[in-house]
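The values are calculated or read from the model by the stated rules, or taken from the named source; none is laboratory data. Because the structure is a prediction, the values reported are computed rather than measured. Glycine gets a Cβ as well: all are built from the backbone with ideal geometry, and neighbour counts include every protein chain shown. Protein only, heavy atoms only, side chains kept; ligands, DNA and RNA dropped before computing areas. Shrake-Rupley method; radii C 1.70, N 1.55, O 1.52, S 1.80 Å.
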Amino acid sequence: PTNDLLEARASGTVEFSLSPDLIPQALKTRIDEEVLRAEGSWSDLTRLRAVLTGELSSGELKEFAGRFLRGDQLLGEAKVAGPLDLSKKEGRLTLQITSLDRQVLNLAGAPFGLDFNTTVIDATAEVSLTQAGSVVAANARLNASRFSVTQEARTTPPMDLRLACDVRVNTAAESAQLQALTLEGSQNQQPFLRGSLAKPIALAWGKTAAAAGDSAFDLAVTD
């Protein structure tokens, strides 16, 4: 019945300095994006703003953050911070995603006719880079509260989902290990889903490629 229309404007600045071998030594940036007009399936994005800021100096990523706002109201944010030495390609970073709700999630869902209703997503992750960036270890946790999606008048019931994983990748040795993976789900505070690895999964590729060892994922679904 109506056209899907989205008009937006972006503006910003990036300031940086480079070492003699062109590795960034300092960085400071701010980019503002604003939805000027939204119609049809994009109408929920009216007055939405996104602000991207970042600052790197003296071997530390002070903050790299994306904040989503409607007018001056903060809808949610995602940010990364921690020590980071780009010359050594080593660091220890913390990622936080806070209170992303349908007003932000529908940015991705609107083109597919998806509405995330009461969904709120929070997540944290600890990421370490060692051995000149060849070894990456990550420990992540994601919570989706009251997760519900509507598409073409069909709606999933609200549920709470929790995902946790612990992974380590060694690009020099061309190998990786998924050390832990758990999935939990509940509805109306009643658990209905539980899954976990019985033991870690080891993977290899390239010259070291070999058949992966046996593993198992224990999954229980109730009602």
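Inspect all residues belonging to the range 168-187 and state whether any of them is over 28 Å from Glu90 (Cα atoms) and basic (Lys, Arg). So far as the range 168-187 goes, no, none of its residues is over 28 Å from Glu90 (Cα atoms) and basic (Lys, Arg). Taking Leu129 as the residue in question, decide whether it is within 21 Å of Leu95 (Cβ to Cβ), open to solvent by 50 Å² or more (accessible area, probe 1.4 Å) and either outside any strand (DSSP E or B) or not β-branched (Val, Ile, Thr) (or both). No. Scanning the range 150-181 for residues that are surrounded by 16 or more Cβ atoms within 10 Å (Cβ to Cβ) and β-branched (Val, Ile, Thr) gives Val167, Val169.
None of Lys88, Lys79 is surrounded by 15 or more Cβ atoms within 10 Å (Cβ to Cβ) and under 30 Å from Asn170 (Cβ atoms) except Lys79.
Counting the residues of the range 139-149 that are touching a Leu at 6+ places or on another chain (Cβ under 9 Å) and either surrounded by fewer than 16 Cβ atoms within 10 Å (Cβ to Cβ) or not hydroxyl-bearing (Ser, Thr, Tyr) (or both) gives 7. Hey, Phe64 hits all of (1) on the phi < 0 side of the Ramachandran plot; (2) open to solvent by less than 60 Å² (accessible area, probe 1.4 Å) but one; which does it fall short on? Going through (1) on the phi < 0 side of the Ramachandran plot; (2) open to solvent by less than 60 Å² (accessible area, probe 1.4 Å) one by one, Phe64 breaks only (2). When Lys207, Lys199 are screened for being at pLDDT below 90, over 24 Å from the mean Cα position of the chain (by Cα) and either surrounded by 15 or more Cβ atoms within 10 Å (Cβ to Cβ) or in a helix (DSSP H, G or I) (or both), only Lys207 passes.
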